[in-house]
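Since the structure comes first, as structure tokens, the remarks are kept for the end.
The values are calculated or read from the model by the stated rules, or taken from the named source; none is laboratory data. In this text the structure is predicted, and so the values were computed from the model without any measurement. Positions of Cβ are backbone-derived with ideal geometry, glycine not excepted, and every protein chain shown enters the neighbour counts.
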Amino acid sequence: MQRYLLPVLALLLSLSSCVSYQKYESALADREQLQNNYNDLEQQLETAQAQNKTLREQKTDLEKDLAENRKDLSTLQNRYNQLDKANEDLLKRYDRMLDQNEKMLESSSDERQTLLAQLTLKEQELNRRERQLQQLESEVEQRETETEALRQSLVEREARVNELESAIAEKEEKLNALRERINQALLGFSDSDLTVREQNGKVYVSLSQNLLFSSGSKSINRAGKDAIQKVAEVLKNNPDIAITVEGHTDTDGETSFNWDLSVGRATSVVKVLTDNGVDPQRITAAGRGEFYPVAANDTAKGKAQNRRTEIILTPKLEALYELIGE
């Protein structure tokens, strides 16, 4: 029996090496695609936040323009009132002069001619004042039209800012609710083995090697499967969340082995998620090897923190992007 066992084991090891190399090549391609997708999402989120900031600044500028127009309108109205009063005074003086003129005509023809000349000048002045009043009225109407247009533009800007703020708040609310549900589902696990945090608009579920795997192994133990199954139950009830599973190692061992190990561990976690009902089209698996540490690799504690598998949950932002693209 032992005589046949050794050749069989040698054959199995040879086959495993071929499959691992193929997985390694595939993992490199997947990692590059995932990094590009991750960078695109980060850029889109930054663009959304920058446009939201620009809209706020535009809103502030419109409010300043509106205040200045209201001030100009008030100034024009005051000038209009002053000219209108001056016009009334001139009309009264005109009436008094007509009365005086009639009396003077009775006494002197020369004085009558002088008064007629003065009356002509006054009439010309009145006509000039009336033209000024008409021009001011036209300016006031134009200012009122511009003010109304600015007010309407400000209302539209405020509505769009409110929509963006509502969409962002809804995303944050979903993230907080998701993080809380995962925390509740994972009660009882040690903080050293499992942590849940929110960062950069995503929820990170970090699982230590001690919880999931034996040293150098890609096979998940019972406690690790239990934790992943509980996460899967939450994710099945939140179908609008994208899922990325990343494997990480410390710097011990060969870099190529660490790459392969991180990819294999990420794939093992994905298999448990899909076996427990999570749609595989929502999931991406990636191996990060030793290149994304969360602690220094010069201590045993730091290495233990780096040997982890992270389930990264990202809300879909299509509604927010549609608002930004309007």
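Are any residues in the range 241-278 outside any helix (DSSP H, G or I) and of a type in the set (Val, Ile, Thr), and if so, which ones?
Ile241, Ile243, Thr244, Val245, Thr249, Thr251, Val278
When the residues of the range 45-94 are filtered to those that are among the polar types (S, T, N, Q) and within 29 Å of Glu123 (Cβ to Cβ), which remaining residue is surrounded by the most Cβ atoms within 10 Å (Cβ to Cβ)?
Asn87
Which condition number does Glu172 fail, the rest of (1) at pLDDT 90 or above; (2) out of contact with any Lys or Arg (no Cβ under 6 Å at 6 or more places or on another chain); (3) not aliphatic (A, V, I, L, M) being met?
(1) is the only condition that Glu172 fails.
Which numbered condition in (1) exposed (fewer than 11 other Cβ atoms within 10 Å of the Cβ); (2) touching a residue at least 40 places away in the same chain (Cβ under 8 Å); (3) acidic (Asp, Glu) is the only one that Glu144 fails?
(1)
Cβ contacts < 8 Å: first residue assigned to a helix (DSSP H, G or I), restricted to the range 294-308; second residue among the hydrophobic types (A, V, I, L, M, F, W, C), any location; separation 6+ or different chain. Result?
If the second residue must be among the hydrophobic types (A, V, I, L, M, F, W, C), the pairs left are Lys301/Ala295; Gly302/Ala295; Gly302/Ala296; Lys303/Ala295; Gln305/Val294; Gln305/Ala295; Asn306/Val294; Asn306/Ala295.
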